[in-house]
1. Considering only the stretch 272-292, how many residues are within 12 Å of the ligand (Cβ to nearest atom) and either in contact with a helix residue (DSSP H, G or I) (Cβ under 7 Å, 6 or more places away or on another chain) or within 18 Å of residue 97 (Cβ to Cβ) (or both)?
2. Regarding residue 142, is this residue touching a residue at least 12 places away in the same chain (Cβ under 8 Å) and within 18 Å of residue 228 (Cβ to Cβ)?
3. Failed condition for residue 98, given (1) out of contact with any helix residue (DSSP H, G or I) (no Cβ under 7 Å at 6 or more places or on another chain); (2) at pLDDT 80 or above; (3) surrounded by 14 or more Cβ atoms within 10 Å (Cβ to Cβ); (4) not assigned by TED's automatic domain parsing to the domain that holds residue 266, with all others met?
4. Out of 386, 339, 350, report the one residue that is assigned by TED's automatic domain parsing to the domain that holds residue 407 and within 16 Å of the ligand (Cβ to nearest atom).
5. Tell me which of these residue 373 doesn't satisfy, since it passes every other one: (1) over 30 Å from residue 275 (Cβ atoms); (2) modelled with pLDDT under 95; (3) not in a helix (DSSP H, G or I).
6. Out of 42, 59, which single residue is under 24 Å from residue 303 (Cβ atoms) and either exposed (fewer than 12 other Cβ atoms within 10 Å of the Cβ) or touching a residue at least 60 places away in the same chain (Cβ under 8 Å) (or both)?
7. Can you find even one residue in the stretch 154-169 that is within 15 Å of the ligand (Cβ to nearest atom), assigned to a helix (DSSP H, G or I) and crowded, with 24+ Cβ neighbours inside 10 Å?
8. Please state which one of 146, 126, 122 is within 10 Å of the ligand (Cβ to nearest atom) and assigned to a loop (DSSP other than H, G, I, E, B).
Ligand SMILES: Cc1ncc(COP(=O)(O)O)c(C=O)c1O
């Protein structure tokens, strides 16, 4: 094993053995090499005359560029677009994202957590977690309402053993008891990665205060029974909280609560700032041991350097500019209101009761989506029928669930959408 990796492992072991035990073999082997980038960083500080260290081309003291590209980006300084961004991301962006996290999740204020590290959006952040913490057959515990790509990221790529538990209780609240049971079912294994995603894709649900407290208490109890837990919050749709759910990340409540719990926040500009194609996300670790945070950050940089090398610089600059703009909050609030009104409208339409014979809907209060549970027809058959007969696209999930993205339908068109879905159900059930 590389000496730098051994040093990082020792650094983690000395502070918190549980985090060390959570690491996969790959996670243990990872380090951030002292190579070109370290030398370049040193040169950046000291090479006043000539800096011939970095693999880009320069001209007249700025990065070389093709004018046809720059012409479309005239508002930006070439230095903020063309050079490589550092593997951890632009320092100012990381700092501002950290401040944003503190503003939006007040429970973080007294917690110890790393600076966010820039990823190529959330999928990449999640795959870093998979690489660092999951070995073949290690348990990945998660609710049964989930984003399908988790299977590729954790299952196919890393061979994780996925253990699901029902998302809701019979009363329609988050199933904390099921979560705890699923975690304890693996007690003999000694470690697990728990993946929670609120606002949830596909249901659009986020726990309320009481449910959130129960989740935190349950995880503490699991840790007290000797299981090491990496608890990952996938905060892709963060901030889109329309009702009485908690309005901060569970990461803020889970960081530092027990030495056996390593909280990891995966978030980014993709969904919450409507910048899907820009590919800017973050991974942030919560641990009260500074040396652990430092070592995990370096291991993460090792993965980034060894996979994508660094994330897109222009995209980081665009997000940074947005965060610094005085219009940012106002414009975000404006989009929030639009989505919130759509969510309220969907509820209003469904609560009217016209469709009660065709489906029930799962409780929702946040995010981009909501889900219905069909009573008499199959989800896939309905999906195909709606597409072919009415030109309506929805997502079929399993036997009877259908996900509807109100994020993509204007408020005044929602009634027509649900009427068509209902008509589709009637066609298929021969009513
Ligand atoms: C729950 C959830 N997590 C992560 C992602 C991936 O986001 P990104 O586009 O930032 O990789 C998605 C995208 O649909 C998602 O729904």
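The values are calculated or read from the model by the stated rules, or taken from the named source; none is laboratory data. Remember, predicted model here, so these are calculated numbers, not experimental data. Cβ sites come from the backbone with ideal geometry, for glycine too, and all protein chains shown count toward neighbours.
1. Final tally of qualifying residues: 11.
2. yes
3. (4)
4. Testing whether each residue is assigned by TED's automatic domain parsing to the domain that holds residue 407 and within 16 Å of the ligand (Cβ to nearest atom) leaves just 339.
5. Here residue 373 clears every test but (2).
6. 42
7. Yes, the stretch 154-169 has at least one match.
8. Residue meeting the stated conditions: 146.
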